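Notes to accompany the following structure.
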Amino acid sequence: MTFLHRIGDAIRSVLQEVPLWGARALFVALPLALLVWVITLPRSETSPPEGARGTGGNLKLWASIALGAQVLIYLVL
Amino acid sequence: MLNVFDYVIVVLYIAGTVALGLFIGRRLKTGRDFFLAGRSMPWWAIGVSLVATDIGATDIIGVGGQAYRYGLSVANFEWIGCVPAMIVGAFIFIPYFWRLGVYTIPEFMERRYNVAVRGAVAFCWLLFMASNVGILLYASAKMVGELFGWDMTASILGIAALAGLYTCAGGLAAVIYTDVVQGVVMIGGCLLVLVLGLVEIGGVGELKEALRRAEAAATDSAVTVAVGVEDPSGGAISDPNGTPAHARVILPVDTTTPFPWPGIFFGLALILSPAYWIGNQAIVQRSLGARSEFDARAAYVWGALLKTIVPLVVAVPGLIAFARNPDLADQVKAIPTLVANLLPPGLRGVFLAAFIAALMSSVDSYLNSASTIFTSDLYRRFLRPQASDERLLRVGRVSTAALVVWGVSFALVLGRLEESGVYAVFQTLMAFFQGPAFALLLFGVFWRRANGTGAFVGFVGGVATSVLLFALSREGVTRSLGMDPLFRIQDPFLYFSVWAFLVTAALVVVVSLVTRPEAAEKVEPLLYHRKRKG
């Protein structure tokens, strides 16, 4: 067994201690954190410069839907 | 399996796509038109094109086959393996690159670091893209050869000639607009299989029941073993809550599939996916051709929304196939068998058109992006810095044609070398350098102190790490060294991309700190600055 094998085995044993619900929490936390970040983005970064495209031009809304769907998927499946 | 109506649909689809590409090509006048579509592309077209490029022909059948064998965990590649990175790209990196007005990612690397980093990254991307054209052609031709009995050489030549023809003529605009048609055909064809399959099985609730029954019936087969979440004693594999193993998205560390959760989360979601959506020239290039910064952002958000539904149309049919017939010897036959049983003659042609659409949409993108890197990062940078825009258009077209010839030749050679392991090397090529290239992008955009020397040493060190880990995961290599393979899962590319990224990051930090910093006036305009609230 080489030095690299020992490193790999050590990391594997640490990860094996993480329960699947802990892994699921990570999968949910990533899109959730991004969702919070997107909601706090300034309007200038999420709307067209002319600002007249209505709901269709509100990228904050559409990005939130995409990320919200991820949160839901990893909570449920 | 196919009748004359199926072939009529396929011929009509191909003729329409090629005609559209040639029509767009009539309007091109300059290299900027060819490589960046004159920066005139709308968000909706780019968004569909992003998704169409990402789904290759082998994915249409391969992802369904993997879902058949490994279950819904394969959907991670479309969900957490795409959506978070696309959203980050939409609001940070893509508008940033668009504002810089670069043609290619390696061009950014020279502005931020130095010409050596640009050359190294451009060389890796060109090698990967040119090889990938051959791999896509070969893998798809092999698949249609096995499924429909088509001649492999004729398939390779036919697809390469058609995709090459309209890509040569119309450049990025032709690639994007034909991708829109191809994306609609692709999603429509797969949706047809999904709806008919669910109707036949009796709905989603019944699908879960059917999966549970199929898993119980197939306990002794290689299929259920591959899911890797069964009782170690070989007993029942559904969990205590009654969720079928095939319906699970998150798999444990010691699964025998290539998709353990640490690989998916750390390797795919945090490294490979952002590297792909933010640093892959074939992907980023279409956003650089957007008509405004807002369109560039909106395209990625639109693409992320589409990605949310993609697993439903490409992976769930694999689950339906498993529920109907759990004992297929070869997972590749799962989707074709399902199509043959579900779709009546005439509609099978729609699915075949979807398969060809997926192939052409990937081949055309890699041809166009490889040609852009050759023309922008090699020809204009090193050979003819003063070349006119009209000359760059000609060089772009000639290099696209040359890449078609190369792709065809490479595909034919791969067929002879498959058993030697060369095919596996090229299949994993992107994982060798995507992690290191992504590390350079991150440090370049966010860390003022990162310099050219650190970036070059980091990139070389990261790629060397990938190659070493790849070699040490190959049974032939480790046997000759008298040691066990380094990784225990199949295809551990997710893991070595993490290590390559970390090695690159460490080298960039250490070498940058011990060498001279870049001039502030060079670096400051290239760092990411968030806009003020407005």
- With unit charges on the beta carbon (Lys/Arg positive, Asp/Glu negative), name the residue among B:199, B:23, B:187 whose Cα is farthest towards the positive pole of the charge dipole of region B:4-415. B:23
- Dipole moment magnitude, nearest 20 debye, the protein assembly as shown about Cα centre, only Lys, Arg, Asp, Glu C-beta charged: 2240
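Report the Stokes-Einstein translational diffusion coefficient (µm² s⁻¹, integer) for chain B, Rh taken as the Kirkwood radius over Cα pairs, at 20 °C with viscosity 1.002 mPa s.
Numbers: Rh = 23.8 Å.
Once the numbers are plugged in, D ends up at 90 µm²/s.
For residue B:518, what charge total do you get from the other residues with a beta carbon under 14 Å from its beta carbon, if Lys and Arg give +1 and Asp and Glu give -1?
Values: positive: B:111, B:112, B:448, B:449, B:516, B:522; negative: B:110, B:521, B:524.
Result for the neighbourhood of residue B:518: +3.
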- With the dipole of the protein assembly as shown defined by +1 on each Lys or Arg Cβ and -1 on each Asp or Glu Cβ, the option from B:162, B:451, B:79 whose Cα lies farthest towards the positive pole is B:451
- Query: Membrane-span-like helices in chain B: DSSP H runs reaching 30 Å or more (Cα, own axis), mean Kyte hydropathy at least -1.0?
  - Reply: B:4-25, B:115-148, B:152-201, B:293-314, B:348-373, B:389-417, B:493-514
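Relative to the compact globular guide of 2.2 N^0.38 Å, what is the alpha carbon radius of gyration of region B:1-143, as a ratio? Could you put the intermediate results ahead of the total?
On the way: Rg = 19.1 Å, N = 143, 2.2 N^0.38 = 14.5 Å.
It is 1.31.
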- Message: So for chain B, averaging the separation of alpha carbon pairs under 8 Å that are six or more residues apart and normalising by length, what relative contact order in percent results?
- Response: 30
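Mind checking the mean number of beta-carbon atoms from other chains within 10 Å of the Cβ atoms in A:40-46? It would help to have the intermediate numbers written out before the result.
On the way: counts 1, 4, 5, 3, 4, 11, 6.
The per-residue average across the peptide is 5.
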- Relative contact order computed over chain A (Cα-Cα under 8 Å; 6+ residues apart), in percent: 37
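When the helix-only estimate is applied to the protein assembly as shown (DSSP H runs of n ≥ 4, each -39,500 (n - 2.57), divided by the residue count), what is the mean residue ellipticity at 222 nm, nearest 500 deg cm²/dmol? Mind dumping the intermediate values first?
Values: 27 runs with 418 residues, N = 611.
Computed ellipticity for the protein assembly as shown at 222 nm equals -22500 deg cm²/dmol.
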- Message: Considering the Cα positions of region B:287-384, please state its Rg to one decimal place and its Dmax as a whole number of Å.
- Response: 19.8, 60
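Pull out a ≥ b ≥ c, the square roots of the eigenvalues of the alpha-carbon gyration tensor of region B:132-214, then state rounded if a/c is under 1.5, prolate if not and a/b is larger than b/c, and oblate in the remaining case.
Details: a/c = 3.55, a/b = 1.79, b/c = 1.98.
Oblate.
Quick one: B:521, B:78, fewest Cβ neighbours within 10 Å first, how do they rank? Mind showing how you got there, number by number?
Working: B:521 7, B:78 24.
Placing the least packed residue first, the sequence is B:521, B:78.
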- Query: Extent of region B:428-534 along each principal axis, from alpha carbon coordinates, in Å, largest to smallest?
  - Reply: 56, 36, 17
- Whether the protein assembly as shown is rounded, prolate or oblate, judged on the alpha carbon gyration tensor where a/c under 1.5 counts as rounded: rounded
- Note on the structure: tail above 27 Å in the computed P(r) of region B:327-459, as % of all Cα-Cα pairs, reads 50
- Message: Counting C-alpha atoms alone, how compact is region A:19-76: give Rg to one decimal and Dmax as a whole number, in angstrom.
- Response: 14.1, 49
- For chain B, size of Cβ-based charge dipole, Lys and Arg +1, Asp and Glu -1, in debye: 2260
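So if I place +1 on the C-beta of Lys and Arg and -1 on the C-beta of Asp and Glu, and nothing else carries charge, what would the dipole magnitude of region B:22-150 be about its Cα centre? I want it in debye, nearest 20. Walk me through the intermediate numbers first.
On the way: 11 positive and 7 negative charges, 111 e Å.
In total the dipole reaches around 540 debye.
We did not get these values from a lab; they are worked out from the coordinates using the rules stated. Nothing here was measured: the structure is a model prediction, and the numbers come from that model. Every residue, glycine among them, receives a Cβ derived from its backbone with ideal geometry; neighbour counts consider all protein chains shown.
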